[in-house]
Amino acid sequence: MRRPIVVGNWKMYGALSDALVLATAIRNGVENFSNLEAIICPPAIWLPEVAEVISKKNDHISPGAQNIHYLSEGEYTGEISAPMVKDVANYVIVGHSERRKYFSETTEIISRKVAAAVDADLSPIICVGEEKVAADSAEKVSRDLKNLLVDIKKNEYKKIIVAYEPVYAVGAAEPANPEYCAKVIQKLREVVGYESPILYGGSINPGNVFEFVKRPEIDGVLVGRASLKASDFIKICRIVSEYKKII
Ligand code: PGA
């Protein structure tokens, strides 16, 4: 059975002291939500310390990286490889719209990152989403997802997590329409089959998360801004955990 998942993407925010305070508060706050997997993705430089803090008490809260290189080693100043991340984390976000936009990541590069993650036994959290709503958005997004999976085998799909993040809803004032997202996610489900969790991401907060996770198509959420405030992130985790427990 697919588990409910809440991912916190801290992006490029916070000093080490902030990261430790936030990680400790989240670890304590989600302690009893044992049906849920919370994944915390701090800036790479704080990953070992955050991993140390969160792995102390729980097995349902895990660290994740925000990015990897698609090669395992080499002369690539400033980069981090999947085997390096694997020493401290179990997950890595790939294909985030900010990486596509500001770092020119193409479908080919992202598909290699997906394969590099799977080869290193990391679960990639694969982000896909259209720039704006159009009549053919669902087809476009599922085509993109298919192309991102070309370098892994079907029996490895159980290791992946998909995050449907319409680009216009990331870092925005409002999330996308939940009903519409559930429809797109149904299409993505046809691509990955039944084992991979599929999340929604984009302007999620404690006030709107229920509208998304009450839909059986949506297995959880990827949270940006609201993951930087422990009380908001814990509230989101509580709502997801409680609702997904009932169904
Ligand atoms: P947001 O970010 O929740 O701040 O919109 C989402 C994301 O990181 O994808």
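Things worth noting here:
- When residues in the stretch 79-109 are screened for being more than 16 Å from the ligand (Cβ to nearest atom), over 17 Å from Pro42 (Cα atoms) and without any contact (Cβ under 8 Å) to a residue 24 or more places away in the chain, 3 of them pass.
- Residue within the stretch 156-178 that is closer than 25 Å to Met1 by Cα and polar (S, T, N, Q) present: no
- Residues that are more than 9 Å from the ligand (Cβ to nearest atom) and in contact with an Asp or Glu (Cβ under 9 Å, 6 or more places away or on another chain) within the stretch 163-175 comprise Pro166, Val167, Tyr168, listed in sequence order.
- Here Lys159 passes the criteria (1) within 13 Å of the ligand (Cβ to nearest atom); (2) more than 21 Å from Val240 (Cβ to Cβ) except the one numbered (1).
- Of all residues making up the stretch 16-40, the number that are among the acidic types (Asp, Glu) and surrounded by 14 or more Cβ atoms within 10 Å (Cβ to Cβ): 2
- Test for Asp119: is it farther than 17 Å from Ala65 by Cβ, surrounded by 14 or more Cβ atoms within 10 Å (Cβ to Cβ) and among the acidic types (Asp, Glu): no
- For beta carbons closer than 6 Å, sequence separation of 6+ or different chains, a first residue in the stretch 52-76 that is among the acidic types (Asp, Glu) and buried (at least 20 other Cβ atoms within 10 Å of the Cβ) and a second that is part of a strand (DSSP E or B) and at pLDDT below 95, there are no qualifying pairs.
- In this structure, Ile109 does not satisfy being in a strand (DSSP E or B) and at pLDDT 95 or above.
- Test result for Ser227, in a helix (DSSP H, G or I), of a type in the set (Ser, Thr, Tyr) and surrounded by fewer than 23 Cβ atoms within 10 Å (Cβ to Cβ): no
- So Val30, is it farther than 28 Å from Ile198 by Cβ and away from the ligand (no atom under 16 Å from the Cβ): no
- Taken over the stretch 151-169, the criterion of being surrounded by 22 or more Cβ atoms within 10 Å (Cβ to Cβ) and in a loop (DSSP other than H, G, I, E, B) is satisfied by Ile160, Glu165, Pro166.
- Within the stretch 130-151, residues that are farther than 20 Å from Pro197 by Cβ have Cβ atoms under 6 Å from residues that are among the hydrophobic types (A, V, I, L, M, F, W, C) and part of a helix (DSSP H, G or I) in these pairs: Glu130/Val141; Glu131/Val167; Asp151/Ala115, counting only partners at least 6 apart in sequence or on another chain.
The rows are residues; the columns are (1) assigned to a helix (DSSP H, G or I); (2) near the ligand (Cβ under 10 Å from one of its atoms); (3) within 15 Å of the chain's Cα centre (by Cα).
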| residue | (1), (2), (3) |
| --- | --- |
| Tyr194 | no, no, no |
| Ser203 | no, yes, yes |
| Pro206 | no, no, no |
| Phe210 | yes, no, no |
| Glu217 | no, no, no |
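The values are calculated or read from the model by the stated rules, or taken from the named source; none is laboratory data. These numbers were taken from a predicted model, which means no experiment stands behind them. Every residue, glycine among them, receives a Cβ derived from its backbone with ideal geometry; neighbour counts consider all protein chains shown.
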